[in-house]
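For reference, the structure discussed in these notes is given below.
The values are calculated or read from the model by the stated rules, or taken from the named source; none is laboratory data. For clarity, every value in this text was computed on a predicted model and none was experimentally measured. Glycine also receives a Cβ, built like all others from the backbone with ideal geometry; neighbour counts cover every protein chain displayed.
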Amino acid sequence: MSQIHDMFQTTIAGSLPKPAWLAEPNKLWPAWRASGVELERAKRDATLLWLKEQEDAGIDIVTEGEQSRQHFVHGFLESVDGIDFSRKVKMGIRNNRYDAMVPVVTGPLRLKGRVHEVEARLAREHTGRKLKITLPGPMTIVDTIADEYYRDQFDEPAFNVYLDDVKRWGIDALHRGIEGLKCTTCVHICYGYGIQANIDWKKTLGGEWRQYAEILPALAKSRIKQVSLECIHSKVPIELLKLLKGKDVLVGVIDVASDRVETPEEVSAVIEKALQFVPANHLFPCTNCGMAPMDREVALKKLRALAAGAALARKRFTSNKRRTGKSRTSSRAGRSRPRAAPSPRRAARRK
Ligand code: ZN
(Lines give C-alpha, C1' and ligand atoms only; values in the text may rest on other atoms or scores of the structure.)
Protein backbone atom coordinates (compact mmCIF):
# COMPACT_ATOMS: atom_id res chain seq x y z
CA MET A 1 0.00 0.00 0.00
CA SER A 2 1.34 3.44 -0.86
CA GLN A 3 1.81 6.10 1.81
CA ILE A 4 -0.71 8.87 2.54
CA HIS A 5 0.54 12.36 1.79
CA ASP A 6 0.37 15.59 3.79
CA MET A 7 0.28 17.89 0.79
CA PHE A 8 -1.63 17.73 -2.52
CA GLN A 9 -3.75 14.81 -1.31
CA THR A 10 -5.24 13.12 -4.36
CA THR A 11 -8.87 12.16 -4.76
CA ILE A 12 -11.41 11.54 -7.53
CA ALA A 13 -14.73 13.21 -8.29
CA GLY A 14 -16.54 10.01 -7.35
CA SER A 15 -17.51 7.36 -9.86
CA LEU A 16 -15.37 4.64 -11.42
CA PRO A 17 -16.19 2.25 -14.29
CA LYS A 18 -18.18 -0.82 -13.36
CA PRO A 19 -16.53 -4.17 -14.16
CA ALA A 20 -18.16 -5.90 -17.16
CA TRP A 21 -19.46 -8.67 -14.87
CA LEU A 22 -21.40 -6.10 -12.83
CA ALA A 23 -22.99 -3.91 -15.53
CA GLU A 24 -22.78 -3.07 -19.22
CA PRO A 25 -19.41 -1.38 -19.75
CA ASN A 26 -18.84 2.13 -21.19
CA LYS A 27 -22.33 3.39 -20.44
CA LEU A 28 -23.60 6.19 -18.25
CA TRP A 29 -26.91 4.35 -17.62
CA PRO A 30 -25.81 0.68 -17.81
CA ALA A 31 -28.02 -2.39 -17.32
CA TRP A 32 -27.08 -4.65 -14.40
CA ARG A 33 -25.74 -8.11 -15.27
CA ALA A 34 -27.49 -9.86 -12.37
CA SER A 35 -30.43 -9.38 -10.04
CA GLY A 36 -31.45 -10.05 -6.43
CA VAL A 37 -28.83 -11.46 -4.08
CA GLU A 38 -26.37 -12.07 -6.91
CA LEU A 39 -26.47 -8.39 -7.86
CA GLU A 40 -25.93 -7.30 -4.25
CA ARG A 41 -22.87 -9.59 -4.04
CA ALA A 42 -21.50 -8.31 -7.32
CA LYS A 43 -21.89 -4.67 -6.20
CA ARG A 44 -20.04 -5.50 -2.97
CA ASP A 45 -17.20 -7.23 -4.82
CA ALA A 46 -16.80 -4.35 -7.25
CA THR A 47 -16.73 -1.82 -4.37
CA LEU A 48 -13.93 -3.72 -2.61
CA LEU A 49 -12.03 -4.16 -5.87
CA TRP A 50 -11.98 -0.42 -6.54
CA LEU A 51 -11.01 0.49 -2.98
CA LYS A 52 -7.95 -1.72 -3.39
CA GLU A 53 -7.14 -0.36 -6.85
CA GLN A 54 -7.35 3.24 -5.62
CA GLU A 55 -5.10 2.51 -2.65
CA ASP A 56 -2.55 0.70 -4.80
CA ALA A 57 -2.59 3.50 -7.38
CA GLY A 58 -1.72 5.97 -4.61
CA ILE A 59 -5.03 7.84 -4.22
CA ASP A 60 -5.14 9.45 -0.76
CA ILE A 61 -8.90 10.04 -0.36
CA VAL A 62 -10.77 7.09 -1.85
CA THR A 63 -14.43 6.58 -2.82
CA GLU A 64 -16.69 3.54 -3.16
CA GLY A 65 -16.65 4.29 -6.89
CA GLU A 66 -20.47 4.45 -7.07
CA GLN A 67 -20.45 0.74 -7.88
CA SER A 68 -23.89 0.19 -6.31
CA ARG A 69 -25.75 2.81 -8.37
CA GLN A 70 -26.94 2.40 -11.90
CA HIS A 71 -26.74 6.17 -12.32
CA PHE A 72 -25.64 8.68 -9.71
CA VAL A 73 -29.00 10.46 -9.58
CA HIS A 74 -31.31 7.48 -9.89
CA GLY A 75 -29.26 5.51 -7.37
CA PHE A 76 -30.32 8.15 -4.86
CA LEU A 77 -33.94 8.33 -6.02
CA GLU A 78 -34.45 4.59 -5.51
CA SER A 79 -34.43 5.36 -1.78
CA VAL A 80 -37.14 8.00 -2.07
CA ASP A 81 -40.86 7.26 -1.75
CA GLY A 82 -43.20 9.00 -4.16
CA ILE A 83 -41.35 8.11 -7.35
CA ASP A 84 -42.64 5.58 -9.86
CA PHE A 85 -39.67 3.78 -11.42
CA SER A 86 -41.91 1.47 -13.44
CA ARG A 87 -43.07 4.51 -15.41
CA LYS A 88 -40.15 6.22 -17.05
CA VAL A 89 -40.80 9.04 -19.49
CA LYS A 90 -38.55 10.62 -22.07
CA MET A 91 -37.51 14.12 -21.05
CA GLY A 92 -35.04 16.64 -22.37
CA ILE A 93 -32.66 17.35 -19.50
CA ARG A 94 -29.92 19.95 -18.82
CA ASN A 95 -32.00 22.49 -20.75
CA ASN A 96 -32.86 19.97 -23.46
CA ARG A 97 -29.20 19.19 -24.13
CA TYR A 98 -30.14 15.53 -24.35
CA ASP A 99 -33.07 13.18 -23.79
CA ALA A 100 -33.13 10.71 -20.95
CA MET A 101 -35.69 8.21 -19.69
CA VAL A 102 -36.52 9.57 -16.25
CA PRO A 103 -38.83 8.30 -13.49
CA VAL A 104 -41.94 10.21 -12.52
CA VAL A 105 -42.87 11.89 -9.23
CA THR A 106 -46.37 10.63 -8.47
CA GLY A 107 -46.75 11.37 -4.75
CA PRO A 108 -45.22 13.21 -1.78
CA LEU A 109 -41.46 12.71 -1.68
CA ARG A 110 -40.01 11.14 1.45
CA LEU A 111 -36.78 9.25 2.22
CA LYS A 112 -37.35 5.52 2.83
CA GLY A 113 -34.12 5.17 4.77
CA ARG A 114 -30.45 6.08 4.64
CA VAL A 115 -29.32 6.46 1.04
CA HIS A 116 -26.17 4.49 0.10
CA GLU A 117 -25.76 3.35 3.71
CA VAL A 118 -24.79 -0.25 2.87
CA GLU A 119 -21.93 0.61 0.52
CA ALA A 120 -20.75 3.50 2.72
CA ARG A 121 -20.46 1.18 5.72
CA LEU A 122 -18.82 -1.52 3.61
CA ALA A 123 -16.23 0.90 2.26
CA ARG A 124 -15.55 2.35 5.73
CA GLU A 125 -14.89 -1.13 7.10
CA HIS A 126 -12.44 -1.97 4.35
CA THR A 127 -10.15 1.01 4.03
CA GLY A 128 -8.03 2.91 6.51
CA ARG A 129 -7.88 5.92 4.21
CA LYS A 130 -10.06 9.00 4.22
CA LEU A 131 -13.28 8.03 2.47
CA LYS A 132 -15.53 10.17 0.34
CA ILE A 133 -19.19 9.32 -0.36
CA THR A 134 -20.89 11.22 -3.16
CA LEU A 135 -24.53 12.27 -3.48
CA PRO A 136 -26.30 14.08 -6.32
CA GLY A 137 -26.99 17.76 -5.61
CA PRO A 138 -30.55 19.04 -5.24
CA MET A 139 -30.52 20.99 -8.52
CA THR A 140 -29.27 18.03 -10.51
CA ILE A 141 -31.93 15.78 -8.97
CA VAL A 142 -34.65 18.26 -9.85
CA ASP A 143 -33.40 18.31 -13.44
CA THR A 144 -33.32 14.50 -13.78
CA ILE A 145 -36.88 13.63 -12.84
CA ALA A 146 -40.35 14.25 -14.29
CA ASP A 147 -43.01 15.67 -11.99
CA GLU A 148 -46.69 14.86 -12.08
CA TYR A 149 -47.39 15.60 -8.44
CA TYR A 150 -46.04 18.96 -7.26
CA ARG A 151 -46.37 20.60 -10.65
CA ASP A 152 -44.37 23.64 -9.64
CA GLN A 153 -40.76 23.97 -10.66
CA PHE A 154 -39.63 20.49 -11.53
CA ASP A 155 -40.06 20.16 -15.27
CA GLU A 156 -37.31 21.22 -17.62
CA PRO A 157 -35.63 23.98 -15.68
CA ALA A 158 -33.42 25.83 -18.13
CA PHE A 159 -29.73 25.76 -17.54
CA ASN A 160 -29.28 29.44 -18.31
CA VAL A 161 -31.59 30.39 -15.44
CA TYR A 162 -29.64 28.08 -13.13
CA LEU A 163 -26.97 30.71 -12.57
CA ASP A 164 -29.58 32.85 -10.83
CA ASP A 165 -31.15 29.84 -9.19
CA VAL A 166 -27.83 28.95 -7.57
CA LYS A 167 -27.97 32.23 -5.67
CA ARG A 168 -31.72 32.14 -5.19
CA TRP A 169 -32.13 28.63 -3.76
CA GLY A 170 -29.21 26.38 -4.80
CA ILE A 171 -26.94 27.25 -1.88
CA ASP A 172 -29.80 27.03 0.62
CA ALA A 173 -30.66 23.59 -0.75
CA LEU A 174 -27.03 22.48 -0.34
CA HIS A 175 -26.99 23.77 3.24
CA ARG A 176 -30.14 21.79 3.95
CA GLY A 177 -28.42 18.76 2.38
CA ILE A 178 -25.40 18.95 4.71
CA GLU A 179 -27.41 19.66 7.85
CA GLY A 180 -26.20 17.46 10.70
CA LEU A 181 -23.13 16.19 8.87
CA LYS A 182 -19.89 16.12 10.86
CA CYS A 183 -17.64 15.18 7.94
CA THR A 184 -15.86 17.48 5.48
CA THR A 185 -18.34 18.59 2.83
CA CYS A 186 -17.57 19.12 -0.83
CA VAL A 187 -19.52 20.17 -3.90
CA HIS A 188 -18.54 19.19 -7.44
CA ILE A 189 -19.54 21.46 -10.32
CA CYS A 190 -18.79 20.69 -13.93
CA TYR A 191 -20.06 21.17 -17.44
CA GLY A 192 -21.13 17.55 -17.88
CA TYR A 193 -19.46 14.49 -19.30
CA GLY A 194 -20.18 10.93 -20.26
CA ILE A 195 -22.23 11.43 -23.41
CA GLN A 196 -21.68 13.00 -26.80
CA ALA A 197 -24.43 15.62 -26.28
CA ASN A 198 -22.44 17.14 -23.41
CA ILE A 199 -19.25 17.25 -25.45
CA ASP A 200 -21.08 18.86 -28.39
CA TRP A 201 -22.80 21.40 -26.14
CA LYS A 202 -19.49 22.52 -24.67
CA LYS A 203 -18.21 23.27 -28.16
CA THR A 204 -20.88 25.98 -28.36
CA LEU A 205 -19.80 27.79 -25.19
CA GLY A 206 -17.01 29.81 -26.77
CA GLY A 207 -13.34 30.24 -25.95
CA GLU A 208 -13.72 30.98 -22.25
CA TRP A 209 -16.19 29.47 -19.81
CA ARG A 210 -16.95 32.13 -17.23
CA GLN A 211 -20.13 30.66 -15.71
CA TYR A 212 -18.13 29.71 -12.62
CA ALA A 213 -17.53 33.43 -12.02
CA GLU A 214 -21.22 33.75 -11.17
CA ILE A 215 -21.39 30.73 -8.91
CA LEU A 216 -18.06 30.63 -7.09
CA PRO A 217 -18.48 33.82 -4.99
CA ALA A 218 -21.76 32.39 -3.65
CA LEU A 219 -20.05 29.09 -2.87
CA ALA A 220 -17.13 30.90 -1.21
CA LYS A 221 -19.63 32.39 1.26
CA SER A 222 -21.36 29.03 1.83
CA ARG A 223 -20.75 26.50 4.61
CA ILE A 224 -19.43 23.90 2.12
CA LYS A 225 -15.74 23.24 2.87
CA GLN A 226 -14.46 22.05 -0.52
CA VAL A 227 -15.27 22.76 -4.16
CA SER A 228 -14.36 20.38 -7.00
CA LEU A 229 -13.88 21.91 -10.46
CA GLU A 230 -12.71 20.81 -13.89
CA CYS A 231 -9.43 22.39 -14.97
CA ILE A 232 -7.30 20.31 -17.36
CA HIS A 233 -8.30 20.74 -21.04
CA SER A 234 -11.21 22.85 -19.82
CA LYS A 235 -11.94 26.36 -21.01
CA VAL A 236 -12.53 27.55 -17.47
CA PRO A 237 -10.04 30.42 -16.89
CA ILE A 238 -7.78 29.15 -14.11
CA GLU A 239 -7.69 32.53 -12.34
CA LEU A 240 -11.36 32.03 -11.40
CA LEU A 241 -10.06 29.68 -8.69
CA LYS A 242 -9.13 32.73 -6.64
CA LEU A 243 -12.86 33.38 -6.16
CA LEU A 244 -12.86 30.40 -3.79
CA LYS A 245 -10.67 32.04 -1.15
CA GLY A 246 -10.78 30.09 2.10
CA LYS A 247 -12.11 26.88 0.52
CA ASP A 248 -10.26 23.69 -0.29
CA VAL A 249 -10.20 23.37 -4.06
CA LEU A 250 -10.28 19.97 -5.75
CA VAL A 251 -8.48 20.85 -8.96
CA GLY A 252 -9.36 18.65 -11.96
CA VAL A 253 -6.05 17.46 -13.37
CA ILE A 254 -7.35 14.33 -15.15
CA ASP A 255 -9.48 14.64 -18.29
CA VAL A 256 -12.37 12.19 -18.24
CA ALA A 257 -13.49 13.00 -21.80
CA SER A 258 -10.39 11.47 -23.38
CA ASP A 259 -8.84 8.00 -23.16
CA ARG A 260 -5.37 9.43 -23.54
CA VAL A 261 -3.58 8.97 -20.23
CA GLU A 262 -2.00 12.14 -18.83
CA THR A 263 1.73 12.22 -18.13
CA PRO A 264 2.93 13.16 -14.63
CA GLU A 265 4.39 16.32 -16.26
CA GLU A 266 0.96 17.40 -17.54
CA VAL A 267 -0.73 16.75 -14.21
CA SER A 268 1.99 18.60 -12.31
CA ALA A 269 1.76 21.55 -14.73
CA VAL A 270 -1.97 22.04 -13.94
CA ILE A 271 -1.27 21.83 -10.20
CA GLU A 272 1.49 24.44 -10.55
CA LYS A 273 -0.83 26.75 -12.50
CA ALA A 274 -3.57 26.37 -9.89
CA LEU A 275 -1.02 27.13 -7.14
CA GLN A 276 -0.93 30.73 -8.36
CA PHE A 277 -4.51 31.10 -7.12
CA VAL A 278 -4.97 28.39 -4.46
CA PRO A 279 -2.65 27.99 -1.45
CA ALA A 280 -0.85 24.62 -1.33
CA ASN A 281 -2.63 23.58 1.88
CA HIS A 282 -6.00 24.05 0.16
CA LEU A 283 -5.16 22.25 -3.10
CA PHE A 284 -6.31 18.69 -3.77
CA PRO A 285 -5.52 17.18 -7.21
CA CYS A 286 -8.63 15.43 -8.53
CA THR A 287 -10.33 14.21 -11.71
CA ASN A 288 -12.39 16.65 -13.80
CA CYS A 289 -15.52 14.56 -13.22
CA GLY A 290 -16.61 10.98 -12.58
CA MET A 291 -15.08 8.15 -14.59
CA ALA A 292 -18.16 5.92 -14.74
CA PRO A 293 -18.51 5.40 -18.50
CA MET A 294 -14.77 5.02 -19.12
CA ASP A 295 -12.85 1.88 -20.03
CA ARG A 296 -11.73 0.17 -16.83
CA GLU A 297 -8.06 -0.16 -17.79
CA VAL A 298 -7.90 3.47 -18.92
CA ALA A 299 -9.43 4.61 -15.62
CA LEU A 300 -6.84 2.64 -13.69
CA LYS A 301 -3.99 4.18 -15.67
CA LYS A 302 -5.47 7.63 -15.06
CA LEU A 303 -5.59 6.99 -11.30
CA ARG A 304 -1.89 6.17 -11.43
CA ALA A 305 -1.18 9.27 -13.54
CA LEU A 306 -3.02 11.39 -10.96
CA ALA A 307 -0.88 10.03 -8.13
CA ALA A 308 2.36 10.29 -10.13
CA GLY A 309 1.59 13.87 -11.17
CA ALA A 310 0.82 14.91 -7.59
CA ALA A 311 4.08 13.28 -6.45
CA LEU A 312 6.03 15.29 -9.03
CA ALA A 313 4.28 18.51 -7.99
CA ARG A 314 5.12 17.83 -4.32
CA LYS A 315 8.77 17.31 -5.18
CA ARG A 316 8.93 20.52 -7.21
CA PHE A 317 7.01 22.57 -4.65
CA THR A 318 9.27 21.41 -1.82
CA SER A 319 12.53 22.02 -3.70
CA ASN A 320 11.25 25.44 -4.88
CA LYS A 321 10.38 26.43 -1.35
CA ARG A 322 13.80 25.34 -0.14
CA ARG A 323 15.49 27.31 -2.89
CA THR A 324 13.52 30.55 -2.45
CA GLY A 325 13.75 30.21 1.33
CA LYS A 326 17.55 30.01 1.14
CA SER A 327 17.98 32.87 -1.31
CA ARG A 328 15.76 35.17 0.75
CA THR A 329 17.62 34.33 3.94
CA SER A 330 20.96 35.12 2.34
CA SER A 331 19.77 38.38 0.77
CA ARG A 332 18.29 39.61 4.02
CA ALA A 333 21.20 38.69 6.22
CA GLY A 334 20.60 39.38 9.87
CA ARG A 335 16.82 39.57 9.52
CA SER A 336 14.41 36.97 10.69
CA ARG A 337 13.86 33.92 8.52
CA PRO A 338 11.01 34.09 6.04
CA ARG A 339 7.81 32.60 7.30
CA ALA A 340 7.32 29.10 5.95
CA ALA A 341 4.02 28.32 4.29
CA PRO A 342 1.72 26.55 6.76
CA SER A 343 1.80 22.79 6.48
CA PRO A 344 -1.47 21.10 5.50
CA ARG A 345 -1.60 19.49 8.93
CA ARG A 346 -1.39 22.79 10.76
CA ALA A 347 -3.94 24.28 8.44
CA ALA A 348 -6.29 21.38 9.01
CA ARG A 349 -6.09 21.86 12.77
CA ARG A 350 -6.96 25.51 12.42
CA LYS A 351 -10.19 24.79 10.57
ZN1 ZN B 1 -18.88 16.32 -13.16
query = What number of residues within the range 112-144 are in contact (Cβ under 8 Å) with a residue 60 or more places away in the chain, buried (at least 17 other Cβ atoms within 10 Å of the Cβ), charged (D, E, K, R) and not in a helix (DSSP H, G or I)?
reply = 2
remark   = Counting only residues in the range 168-185 that are away from the ligand (no atom under 16 Å from the Cβ) and not in a loop (DSSP other than H, G, I, E, B), the one surrounded by the most Cβ atoms within 10 Å (Cβ to Cβ) is identified as ILE171
ask   = Out of all the residues in the range 28-43, is one or more part of a loop (DSSP other than H, G, I, E, B), away from the ligand (no atom under 16 Å from the Cβ) and at pLDDT below 95?
value = yes
message = Which residue is farthest from the ligand (Cβ to nearest atom), if the candidates are limited to the range 254-298 and must be part of a loop (DSSP other than H, G, I, E, B) and free of Cβ contacts under 8 Å to residues at least 40 places away in the same chain?
response = GLN276
query = Hey, any hits in the range 186-209 for a residue that's more than 16 Å from the ligand (Cβ to nearest atom), over 14 Å from the mean Cα position of the chain (by Cα) and of a type in the set (Gly, Ala, Ser)?
reply = yes
message = Can you report the number of residues in the range 200-222 which are among the charged types (D, E, K, R) and at pLDDT below 80?
response = 3
ask   = Pick from the range 44-90 the residues that are in contact with a Lys or Arg (Cβ under 8 Å, 6 or more places away or on another chain) and in a strand (DSSP E or B): which of them is nearest to ILE133 (Cα to Cα)?
value = THR63
